[in-house]
Amino acid sequence: MRILVLGGDGYLGWPTAMYLSRRGHRVGVVDSFFKRQWESELGVEPLVPILPLRERVKLWRSVTGLNISVAEADLCDYGRVQAIVKDFAPQAIVHYGEQPSAPFSMIDQQHTVLTQTNNISGTLNVLWALRWHAPDCHLVKLGTMGEYGTPNIDIEEGFIEIEHNGRKDILPFPKQPGSFYHLSKVHDSHNILFACHVWNLRSTDLNQGVVYGIETDETALHDGLATSFHYDEIFGTALNRFCVQAVAGMPLTLYGKGTQKRGFLNIRDTLRCVELAISNPPGAGEYRVFNQFTEIFSLRDLAALVKSQGGKMGLAVEIQHLENPRVEAEEHYYNARHQKLVELGLTPHKLSDVLIGSMLHHIQRNAHRIRRESILPRIKWDRTRRAYAAPAAPVLTGTK
Ligand code: USQ
């Protein structure tokens, strides 16, 4: 199959491109490289240096004999998006090409507007390009479990049957997201649902939980094929951060009580879920939602697992409760359905001591590269607290 991976330079995009390439698909990657610029504007970097995308693609060819094509494009440039879709004629598009961080979107007015302009306009351009040039193509869009927030009822997969004043309907599940980033994904979901309805497009919205992990079967083939693994307060996510903090000898940063619960999944399962979605496409006009996570943990439980495994490896791991920099429920009900990918054949890689141990070992080999000053949270959601002074250049990359 001909598959375009948008955001193919990123933490998930690059491993997805290699995974699909190795399974015999003709893969093209598209990226604006804005994320690399935002990293340098904000003074953060991945744990291991990441080769430029074209060099990683060359290395991939020399290691496996397989070709991945590369296009540099800002998805907000509709002319470029159209040209790429016409030229490549994709049968599936895996769309990761968005600003991916909640804290980034909460820094200040500019970062909020950039996040929503970049994410929502980019996705609208992809939808219009599909409508004109590839209406049968399956859009596999990376959404987030954070679109739902933490309601006091069970979370369904995208839709819920509601009875109201004696009438019933199946409606999109209510959305109560927790950041301007998560809101950008909600707006995308509505736009995609509408485009499927009016133009007969087909799409799977993957409402993904928090991904953890450094290695996939493909990144393990060569050091130069590594993926962009972050642990800083902006682009790093919970478990990845905890593992780096354990190795750096810094206390694990639990925000507030740490009783918040989220859905998590291993990076290897992300790749398998995308493959399952691609090989079981929806019908024309169908918009469907899969909740893409494999296990629910509280942050406190995750920190305890890292502390226990770190202890077995001789690391003295402390856990610290910080004043929560976010405005979010800490004690809440959380029960989210996640059946559809399992029904299609997903066999999850469950979190285990062995898995945490292998992440810790991997990080230990690069411990000298950890930038401790990028770890503690300084970006605050609450308007009464002092704003974060980003060490950013005056003009933000990607502002349209
Ligand atoms: N948290 C801590 N300590 C930390 C970092 C985070 O306690 O050092 C807590 C946060 O307060 C939050 C939870 O962990 O309650 C998750 O935070 P996160 O930074 O790991 O993840 P989040 O900001 O929610 O976003 C990440 C990805 C995003 C994806 C989302 C899935 O960056 O792209 O959409 O996970 S989900 O969380 O299910 O919405």
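The values are calculated or read from the model by the stated rules, or taken from the named source; none is laboratory data. Only a predicted model underlies this, so the values are computations on that prediction, with no experimental measurement involved. Quick reminder, even Gly has a Cβ in these numbers, built from the backbone with ideal geometry, and neighbours come from all protein chains shown.
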Count - residues of region 253-267 that are buried (at least 19 other Cβ atoms within 10 Å of the Cβ) and either among the hydroxyl-bearing types (Ser, Thr, Tyr) or part of a helix (DSSP H, G or I) (or both)
2
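Those residues that are touching a Pro at 6+ places or on another chain (Cβ under 8 Å) and on the phi > 0 side of the Ramachandran plot, I need them from region 16-61; list them, please.
If we filter region 16-61 for residues that are touching a Pro at 6+ places or on another chain (Cβ under 8 Å), which is where we start, we get 28, 35, 39, 41-43.
Hit for region 16-61 is 43, nothing else.
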Residue 87 under 29 Å from residue 282 (Cα atoms) and in contact (Cβ under 8 Å) with a residue 24 or more places away in the chain:
no
So, first residue aromatic (Phe, Trp, Tyr) in region 243-258, second residue at pLDDT 95 or above and within 7 Å of the ligand (Cβ to nearest atom), Cβ within less than 9 Å, six or more apart or across chains; the pairs are 255/238; 255/299; 255/324; 255/326; 255/328; 255/377
Quick one: in region 223-252, of everything that is more than 9 Å from the ligand (Cβ to nearest atom) and part of a helix (DSSP H, G or I), which residue is surrounded by the most Cβ atoms within 10 Å (Cβ to Cβ)?
243
Select from region 303-343 the residues that are of a type in the set (Ser, Thr, Tyr) and not in a loop (DSSP other than H, G, I, E, B) and list them in ascending order.
308
Number of positions in region 323-339 that are under 19 Å from residue 107 (Cα atoms), over 20 Å from the mean Cα position of the chain (by Cα) and not polar (S, T, N, Q)
3
List the number of the failed condition for residue 181; all other conditions in (1) part of a helix (DSSP H, G or I); (2) away from the ligand (no atom under 15 Å from the Cβ) hold.
(2)
Find the residue count for region 284-306, including only residues that are within 21 Å of residue 320 (Cα to Cα), crowded, with 21+ Cβ neighbours inside 10 Å and polar (S, T, N, Q).
0
Where residues in region 280-299 are touching a residue at least 60 places away in the same chain (Cβ under 8 Å) and more than 24 Å from residue 345 (Cβ to Cβ), which of them is nearest to the ligand (Cβ to nearest atom)?
299
Take region 205-222 and flag every residue that is out of contact with any Cys (no Cβ under 9 Å at 6 or more places or on another chain), of a type outside the set (Gly, Ala, Ser) and within 16 Å of the ligand (Cβ to nearest atom).
205, 207, 210, 211
Being more than 9 Å from the ligand (Cβ to nearest atom) and either out of contact with any Ser or Thr (no Cβ under 6 Å at 6 or more places or on another chain) or in a helix (DSSP H, G or I) (or both): is that true of residue 277 here?
yes
Within region 279-300, track down each residue that is more than 22 Å from the chain's Cα centre (by Cα) and charged (D, E, K, R).
286
From the option list 355, 346, single residue qualifying as more than 12 Å from the ligand (Cβ to nearest atom), surrounded by 12 or more Cβ atoms within 10 Å (Cβ to Cβ) and either over 23 Å from the mean Cα position of the chain (by Cα) or outside any loop (DSSP other than H, G, I, E, B) (or both) is 355
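If I ask for residues that are more than 23 Å from residue 228 (Cα to Cα) and under 21 Å from the mean Cα position of the chain (by Cα), which ones from region 77-111 would you list?
92
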Hey, among the residues in region 142-183 that are among the aliphatic types (A, V, I, L, M) and buried (at least 21 other Cβ atoms within 10 Å of the Cβ), which one's farthest from residue 327 (Cα to Cα)?
142
Qualifying positions in region 119-139 - surrounded by fewer than 24 Cβ atoms within 10 Å (Cβ to Cβ) and either among the hydroxyl-bearing types (Ser, Thr, Tyr) or within 16 Å of the ligand (Cβ to nearest atom) (or both)
120, 121
Got a sec? Which helices (runs of 4 or more DSSP H) wholly within region 1-112 have at least 2 residues that are over 24 Å from residue 219 (Cβ atoms) and touching a strand residue (DSSP E or B) at 6+ places or on another chain (Cβ under 6 Å)?
78-88
